[in-house]
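What follows is a short report on a single structure.
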Amino acid sequence: MKPKLLFWLGADFTHFFLSHYMQKKLDADFFSIVDITNKPKPFFDSQTFVNFKKSWFYHDNIKPNQNVDEDYLKKFEEKYDIPIWKLAINERIFYRFYDFHKFTTDEILSIEEQSCKFFEKVLDEIKPDFLITKEPAFHHLELLHQLCLKRGIKILLLGYTPFSGRCMISQKPGIVDSISEFDNIATPGRNIEELKNSLLEKKISKQITSYNSEHTKSNLILFKTAMKYLLQNNENSQTHYNYFGRSKSKVFSYMLDSMLKKRQRQSFIDSNLEKNIDLERNFVYFPLAVDLERNLLIDAPFHTNQTEIIRSIAKSMPIGYSLYVKENPSQISREWRDIDDYKLLMDIPNTTLIHPSYPSEKLLENCSLVINIAGTSAFESAFFEKPALVFVDRGYTILPSINIVNDISTLPKLIRDSLKIKPNVADLDKYVHLIEKDSFNFNWMQFGSSFKNEFYHQGGLVDVDIDKSKIKKMIVNYESIFEELTTAHIEKITNSN
């Protein structure tokens, strides 16, 4: 019997291209849920690149101002053990990403109810064997991901590895599917210098910084994008809840305000955050996470207030140690943080706030301990033979030198105990080997950057018409780049039986 594959197709078109290449090599039934704005819809309605047996547009099934059936939501929570509010309250669209629309409790619950019913309807109708998607960044895709896990549907979740240019496919974000093999893996035998060099050569954070730099729009590009936006119809504000309240005047005002805030914040950062760091002191290193990203909102839903976490860490520091907090260079994608947030951090005793340009490698090399909420710095600490603490379970927490903070009141003891730990090189070698074995070459950021530049005005405007001839040309040009990605998905499907 042919496998049934359900693809989640988004604005980045990665999985649309993937579905095209897979259909050429795999005998399966293809279905899709499409999560895009209105202008690209005609392309998906009429495209012939992929023969989907059936497709649904997610936002066509979510209508505004619907009555809420709380009994249904209660039964849904009980049936699948999926807490609705844990996902909804951390949805960036709902609670503080933009200030275009303040969602009421009923509006949020209505969106959740309609999403749950829609996903149940699709899964009941086609009974897919696999959900093929990316790591969820928004609550509705995470809801579908969790629902499929509960129903026993296999997940092929595309995600980054800590090494640039390599990705992996897994059931759960950031956790290698073969993690259970860790204890039985023969040590490849690399020493710490070999491992460290491999990290520094291929460190994913460097590629992310480069990507953000390329797509940080200049004032000229922002102005041109704003003009294009002002001249087009604004239908999404009536049909897509993530566009509610986005009148042209509000959007234009928001853009001008963001440009001004970014300039003011950059000036404050350059004038006040430390660039000359005393590396002779004993210190604990805390790298700030980018606000409103998956690492916090979905992976660490109860640890989103970084200021309060840093304050708790400062309270837990042993005498003789300082806390060094470094701003994330990728925070520029969010126009940096409010100046008042920086001031709050700078006012915490025994805490130094470090400029985003300062090399993180120097801090990793000289610190005594790394504390990270859910990002990759805790993993990188092992390459510098430093212990780490994190607040959520990640794939790398299988390393004995990385412990999880399950109860913040235990931080003082956890920090003291962790300071005594010496990471084992053999453990790191085994875990890196697992990643290497389960990953493959696919420069996702390079593809995403090319697609943004070709269609989305460097990412400044995504509600655009999609030119089929351009897609056809890209499909031809990118086939070799997608080859390993396509093969990896097909292997996962064929080996699952």
Given (i) 36, 29, 23; (ii) 42, 24, 20; (iii) 59, 41, 19, the label whose value is semi-axes √(5λ) of the Cα gyration tensor in Å derived from this model: (i)
Point-charge dipole on Cβ atoms (K/R +1, D/E -1) for the chain, about Cα centre, debye to 20: 820 debye
Listed peptides 263-275, 288-300 by packing density, highest first (mean Cβ within 10 Å): 288-300, 263-275
Surface share of carbon and sulfur [accessible, 1.4 angstrom probe, percent] for the chain: 48 percent
In sequence order, calculated HN-Hα J values of segment 432-449 (Karplus, 6.51, -1.76, 1.60; Hz; x Gly/Pro): 4, 4, 4, 4, 4, 5, 9, 10, 7, 6, 7, 8, 4, 5, 5, 4, x, 5
DSSP-defined beta bridges in the chain - what % are antiparallel, rounded to 5: 20 percent
The chain: relative contact order as a whole-number percent, Cα under 8 Å and 6+ apart: 18 percent
In segment 1-59, the trypsin sites (Lys or Arg not before Pro) that fall in loop regions by DSSP, at most 16 other Cβ within 10 Å: Lys53
Distribution of pairwise C-alpha distances over segment 319-376, 5 Å bins, in %: 4, 14, 25, 29, 19, 7, 1, 0
Dipole-positive endmost among Tyr456, Asn441, Leu428 within segment 400-483 (Cβ charges, Cα centre): Leu428
Label point distance in nm, Thr410-Val462, each placed 7 Å from Cα along Cα→Cβ: 3.9 nm
Cα pair distances in segment 394-464, grouped into 5 Å bins until the bin that holds the longest one, percent each: 3, 12, 14, 11, 10, 9, 10, 11, 11, 7, 2, 0
Listed residues Leu26, Val405, Ser381: farthest to the positive end of the dipole of the chain (Cβ charges): Leu26
Dimensionless Rg ratio for segment 1-92, taking C-alpha atoms and the 2.2 N^0.38 Å reference: 1.35
Overall dimensions of segment 416-497 by Cα: Rg and Dmax, Å: 20.1, 61
Trypsin sites (Lys or Arg not before Pro) restricted to DSSP loop in segment 390-497 with at most 12 other C-beta within 10 Å: Lys420
Charge dipole of segment 221-351 about the Cα centre (unit charges at C-beta), most positive-ward option of Pro349, Gln266, Phe283: Gln266
Summed side-chain charge close to Ser439 - residues other than Ser439 whose Cβ falls under 13 Å, Lys, Arg +1, Asp, Glu -1: -1
Length released on extending from Lys275 to Thr307, taking residue separation times 0.36 nm less the Cα-Cα span: 9.5 nm
Local electrostatic count, Leu369, Cβ distance below 11 Å [Lys/Arg +1, Asp/Glu -1]: +2
Cross-link partners of Lys430 among lysines (Cα-Cα below 19 Å; sequence separation of 8 or more within a chain): Lys196, Lys202, Lys203, Lys386, Lys422
Residue-count net charge about Met1 - beta-carbon cut-off 12 Å; Lys, Arg +1, Asp, Glu -1: 0
Mean accessible surface per residue for the chain, computed with a 1.4 Å probe while every protein chain stays in place, in Å²: 45 Å²
Degrees, to the nearest 10: 468-477 long Cα axis against longest axis of the chain: 50 degrees
Gyration tensor (alpha-carbon) shape descriptor, segment 74-212, a/c threshold 1.5: oblate
Mean Cβ neighbour count within 10 Å, used as a protection proxy, ranking 240-246, 385-391 highest first: 385-391, 240-246
C-alpha long axis of helix 70-80 to longest principal axis of the chain, angle in °: 60 degrees
Principal-axis tilt of helix 483-494 within the chain, Cα atoms, nearest 10 degrees: 80 degrees
Built amide H within the under 5 Å cut-off of Lys203, gap 5+: Ser164
Per-pair calculated FRET efficiency, R0 = 51 Å: Thr187 and Leu344 via Cβ, rounded to 0.05: 0.70
In nm, spacing of pseudo-spin labels at Lys63 and Lys261 (7 Å Cα→C-beta vector): 3.5 nm
Cα-centre dipole for segment 374-491 with unit charges at Cβ (Lys and Arg positive, Asp and Glu negative), debye to 20: 360 debye
Debye intensity ratio in log₁₀ form over the Cα atoms of segment 38-87, taken at each q of 0.20, 0.23 Å⁻¹: -0.84, -0.91
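The values are calculated or read from the model by the stated rules, or taken from the named source; none is laboratory data. Keep in mind that this is a model prediction, so the values were computed, not measured. With ideal geometry, Cβ positions are generated from the backbone for all residues, glycine too; neighbour counts draw on all protein chains shown. Heads up: the accessible areas ignore ligands, DNA and RNA and are worked out on the full protein's heavy atoms, side chains in. Shrake-Rupley method; radii C 1.70, N 1.55, O 1.52, S 1.80 Å.
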